[in-house]
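K.L.:
First, the structure itself, so that you have it in front of you.
The values are calculated or read from the model by the stated rules, or taken from the named source; none is laboratory data. For clarity, every value in this text was computed on a predicted model and none was experimentally measured. Cβ atoms come from the backbone with ideal geometry, glycine included; neighbour counts cover every protein chain shown.
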Amino acid sequence: MQNKKLVILIVLSIVAVGSILYGLSAPPRGETGGIVRTHHTQAEIVNAAKERIQKKRSAVRTNFVGWRRNPFVPEIKLKEDVITLTLNGILWDEIMPRAIINSDVVDIGDVIEGNRIVAINHNNVILNDGTEDFTLTLE
């Protein structure tokens, strides 16, 4: 362990000495911080800019098609999914009404196939799919 530290110290010392020697032997920078400016006329600068603008740029197409869906937005069910729910009957009680949907007995607040039961009335049930309310009517 001690030998490793010594080797690392020697290597870092050699790098530091080399960096100092390079800094002393390198030519001095210009007044502009290393950027050498040449004196051009206004016309030469304008012509050079026009040439750069007129060059044809070719865009490279990627194979990226796009995201399938935004992971930050809840998935919206299609109306075809809602049709699969069938109201088979209503067990009416003033205090605790219940409904039979797809042969399952549900109360207000229960969730069936991702839809929450909002209200149970005498002849219909109001459900919410997470975005909007819809009604199942007893036939």
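K.L.:
Looking only at residues in segment 97-118 that are small (Gly, Ala, Ser) and over 23 Å from PRO74 (Cα atoms), which one is modelled with the highest pLDDT? Quick ask: steps written out before the conclusion?
P.N.:
Here is the first cut: in segment 97-118, the residues small (Gly, Ala, Ser) are 99, 103, 109, 114.
Keeping just the survivors that are over 23 Å from PRO74 (Cα atoms) gives 99, 103.
Numbers: ALA99: 94, SER103: 89.
So the residue we want is ALA99.
K.L.:
To continue, here is another question. Can you tell which of ILE120, ILE90 is touching a His at 6+ places or on another chain (Cβ under 8 Å) and surrounded by 15 or more Cβ atoms within 10 Å (Cβ to Cβ)?
P.N.:
Step by step, each of ILE120, ILE90 is checked, and only ILE90 is touching a His at 6+ places or on another chain (Cβ under 8 Å) and surrounded by 15 or more Cβ atoms within 10 Å (Cβ to Cβ).
K.L.:
Next up: ARG37 fails exactly one of the following numbered conditions: (1) modelled with pLDDT under 65; (2) surrounded by 10 or more Cβ atoms within 10 Å (Cβ to Cβ). What is the number of that condition?
P.N.:
Checking ARG37 against (1) modelled with pLDDT under 65; (2) surrounded by 10 or more Cβ atoms within 10 Å (Cβ to Cβ), the one that fails is (2).
K.L.:
Oh, and also: How about segment 89-139: which of its residues are among the aromatic types (Phe, Trp, Tyr) and in contact with a strand residue (DSSP E or B) (Cβ under 7 Å, 6 or more places away or on another chain)? Break it down into steps so the answer makes sense when it comes.
P.N.:
In the first step, residues of segment 89-139 are kept if they are among the aromatic types (Phe, Trp, Tyr); the result is 92, 134.
Correct list: PHE134 only.
K.L.:
Any idea which residue in segment 127-139 is surrounded by the fewest Cβ atoms within 10 Å (Cβ to Cβ), counting only those that are of a type in the set (A, V, I, L, M) and over 34 Å from the mean Cα position of the chain (by Cα)?
P.N.:
Top of the filtered list is LEU138.
K.L.:
Sticking with this one: Please specify each residue of segment 57-94 satisfying the condition of being aliphatic (A, V, I, L, M) and at pLDDT 90 or above.
P.N.:
Scanning segment 57-94 gives LEU87, ILE90, LEU91.
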